[in-house]
Amino acid sequence: MKVLLRNPRRELDIPGPRRVHALLADLELNRESHLVIRNGTLVPSDELLADADTVEIRPVISGGAL
Amino acid sequence: MKCRVCREPAVIDVPRHNANFCGQHFLDMCRRQVMKAIDDFDMLSKDDKILIAVSGGKDSLAVWDMLGDLGYQADGLYIGLGIGEYSDVSGEYAQRFADERGLTLITVSLREEYGYDVPTATVATRRVPCSACGMSKRHLFDKAAIDGGYSVLVTGHNLDDEAAVLYGNTLRWELEYLARQLPTLPARNGFPKKVKPLVRLSERETAAWCVIRGIDYLVEECPIAAGNRHLGFKDALNTIETASPGTKTAFYLNFVEKVAPLFAAYALPDDVELRPCTECGSPTTGQVCAFCNLATKARAHEPVPVELITGRGARRR
Ligand code: SF4
Ligand SMILES: [Zn+2]
Ligand SMILES: [Zn+2]
């Protein structure tokens, strides 16, 4: 599957099928600080992602003194 | 996974509530959390004239959207900080959000109206960037709220922001800051009332609100933020949260309820004598306020490009 990562923007190719939580764990990304979006729709952590899917892993943590 | 409410397929799992939700019921959960915060901390009434500090990021657009959704009328204020391309793009997101919904967005440009920008102020004052930036923003938000006759200033601070600041202040036992770290600060001494309606929602939840509601926000981070202290605290707290869901909520909300009152005596007294700044009229303890001092120094300095700041040992995530 195609995986789009942000900050900085980059794309990875990762073999599917794979569950969302396993994908995050493989990439060493914390589930608290990321959302996974497939075709514009959020998917929960037990969702099975297919090899043909394109997914975005979006970080949600903002920095800065506010 | 199925939605806890309707048993339809879930789009998000929320471990701290030990629940999964479909889009609609996730939004309902967010609305309930925001209404509870507004209620518990006496934040807003429907008669308030509300000004929202808008950055173009997920939290400020989410809070603007949610308040409208809950029947509050609010204007936005965007400050052009002059942080290179980041500022240009974030301003476009804020403006587009307002235009698409027929909302009023007031815009202030540091460079055009005050003759400096954040990178230049950072170098001119030799402070960390977020300090010069934060001071400028606070001053201009306060001023716009008072000058515009707004009864309350809303910011998009979420649970993670507040927990991270609390963590930092606790590690150092900064009692004065702890005494003031509340979701609602009443108006006083010429400063507007300030409220944070998103304190019961995590960052992941405010971002999910935006995705589900189709809000296009700036995902890219401020290039200067990388490496700042708060990000480290957020990382640390999220590691704990993953192992023990609900910890961030308990840490922050129990602080507000049980601990902050114990520190009240350490807050700066209400009756310190303030007088109008001789340059801008804002309340200050001295002759000239801290903002005007900063602006004067920064204006005298030649413009500094943002790359000069971000090139300095910034940590990329
Ligand atoms: S991260 Fe720091 S410099 Fe960037 S906008 Fe936020 S406060 Fe300003
Ligand atoms: Zn549902
Ligand atoms: Zn002043």
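What follows draws every value from the coordinates through simple rules; no lab data is involved. Values in this document were obtained by computation on a predicted structure and should not be read as measured data. Neighbour counts are summed over all protein chains in view; Cβ atoms, including those assigned to glycine, are modelled from backbone coordinates with ideal geometry.
What the table shows:
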| read-out | value |
| --- | --- |
| Test: residue in the stretch B:12-35 that is part of a loop (DSSP other than H, G, I, E, B) and within 12 Å of chain A (Cβ to nearest Cβ) | yes |
| Helices (runs of 4 or more DSSP H) within the stretch B:190-271 that include 3 or more residues more than 9 Å from every other protein chain (Cβ to nearest Cβ), crowded, with 17+ Cβ neighbours inside 10 Å and out of contact with any strand residue (DSSP E or B) (no Cβ under 9 Å at 6 or more places or on another chain) | B:247-254 |
| Lone unmet requirement of (1) more than 8 Å from chain B (Cβ to nearest Cβ); (2) under 11 Å from the mean Cα position of the chain (by Cα) for A:HIS34 | (1) |
| Test: residue in the stretch B:2-24 that is surrounded by fewer than 14 Cβ atoms within 10 Å (Cβ to Cβ) and either within 18 Å of B:PRO183 (Cβ to Cβ) or β-branched (Val, Ile, Thr) (or both) | no |
| Some residue of the stretch B:58-74 being among the basic types (Lys, Arg), more than 15 Å from B:ALA207 (Cα to Cα) and touching a residue at least 24 places away in the same chain (Cβ under 8 Å) | no |
| Within the stretch A:42-66, tally of residues that are facing chain B (nearest Cβ under 7 Å), within 12 Å of the chain's Cα centre (by Cα) and farther than 19 Å from B:ALA19 by Cβ | 1 |
